[in-house]
Amino acid sequence: MQVTETTDASQNARAERMRTALGRIKAWLRSNKAEDIVANLAPPTCDEEIASCAKVLGFAIPDDLRELWLLHGGQNVEKTHPFLESHDLLGPAMAASVRQDFLSTLPMLRDAPDDLVEVTEEELASDEWLTIGKCGRWDVRVICAPTGRLFGSSPDYPQLYAISGSLLDWLETFAEGAESGEYEVIRLGESCFVSPIL
């Protein structure tokens with residue numbers, strides 16, 4: 001019984017951290033005249049839709065992603081106001097539908113370990129990957145479900161690279177970086193996105 005209580009407390013604490021990180025990011029976006037990005041976030045996803053996604057995938061949705069989807073189930077419109085820097089945030093149905101694109105690259109990645117950065121053997125051997133963000137078809141943000149780590153994958157070198165130990169850690173780091181002046185809002189025509197200041 002104590003283990004369950006501890007687990008529930010830990011999950012509740014992470015859910016609160018997720019809400020706080022998202023709140024900080026949205027506040028920064030609003031203060032930097034990027035309300036379009038905030039307004040483009042989709043409403044919350046329900047538990048039933050997340051469970052349906054997990055059933056289609058055949059594996060459990062990582063807790064951090066589940067908490068994010070319970071707050072925002074992706075974006076309303078793609079390719080105009082992406083939330084994950086220049087990458088669209090995908091909801092459960094879209095994440096499941098585009099998953100095969102990344103999986104199709106895994107055999108090549110497994111044969112070319114020099115094109116990988118900080119990917120473990122366990123992660124590389126797993127087929128339990130889920131695309132949560134994309135900029136075009138092949139430039140994506142993916143989570144390895146068994147470890148919960150966030151990765152970037154693109155046709156460029158390196159083709160698969162670790163971004164963060166978890167989605168929550170990345171969002172918190174993104175919030176801190178934005179607040180400390182490491183990011184800027186870029187506008188291209190009617191669209192806008194967030195970019196690191198180089």
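The values are calculated or read from the model by the stated rules, or taken from the named source; none is laboratory data. Being a predicted model, the structure only gives us computed values, none of them experimental. Ideal geometry is used to build each Cβ from the backbone, glycine not excepted, and the neighbour counts take in all protein chains shown. What goes into the accessible areas is simple: the full protein's heavy atoms, side chains included, and nothing from ligands, DNA or RNA. Shrake-Rupley method; radii C 1.70, N 1.55, O 1.52, S 1.80 Å.
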Alpha carbon Rg of the chain, scaled by the compact-globule rule 2.2 N^0.38 Å: 1.01
Shape call, the stretch 1-88: gyration tensor on alpha carbons, a/c limit 1.5: oblate
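Report the longest stretch of the chain that contains none of the trypsin sites (Lys or Arg not before Pro) sitting in a DSSP loop with at most 16 other Cβ atoms within 10 Å.
Result, exposed sites excluded: 138-198.
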Relative frequency of Cα-Cα separations exceeding 12 Å in the stretch 145-188, percent: 68
Alpha-carbon centroid distance for the pair the stretch 79-111 / the stretch 151-198, whole angstrom: 15
Rough spin-label spacing in nm, given labels placed 7 Å along Cα→Cβ, for residue 33 and residue 101: 3.2
Computed [θ] at 222 nm, helices only, for the chain once each DSSP H run of length n ≥ 4 contributes -39500 (n - 2.57): -14000 deg cm²/dmol
Accessible area of residue 108 in the full protein assembly, 1.4 Å probe (Å², nearest 10): 100
Residue 112 versus residue 56: modelled label distance in nm, points set 7 Å from Cα along the beta carbon direction: 2.9
12 Å beta-carbon shell around residue 176, net charge (K/R +1, D/E -1): -3
Which of 191, 31 is most accessible, then next, and so on - probe 1.4 Å: 31, 191
Fraction of accessible area attributable to carbon and sulfur, the stretch 48-198 (%, probe 1.4 Å): 51
Accessible solvent surface per residue of the chain, calculated while the other protein chains remain in place, 1.4 angstrom probe, Å²: 50
Accessible surface ranking that places the most exposed of 64, 139, 47, 156 first, with a 1.4 angstrom probe: 156, 47, 139, 64
Relative contact order of the stretch 52-187, defined on C-alpha pairs under 8 angstrom at six or more residues apart (%): 19
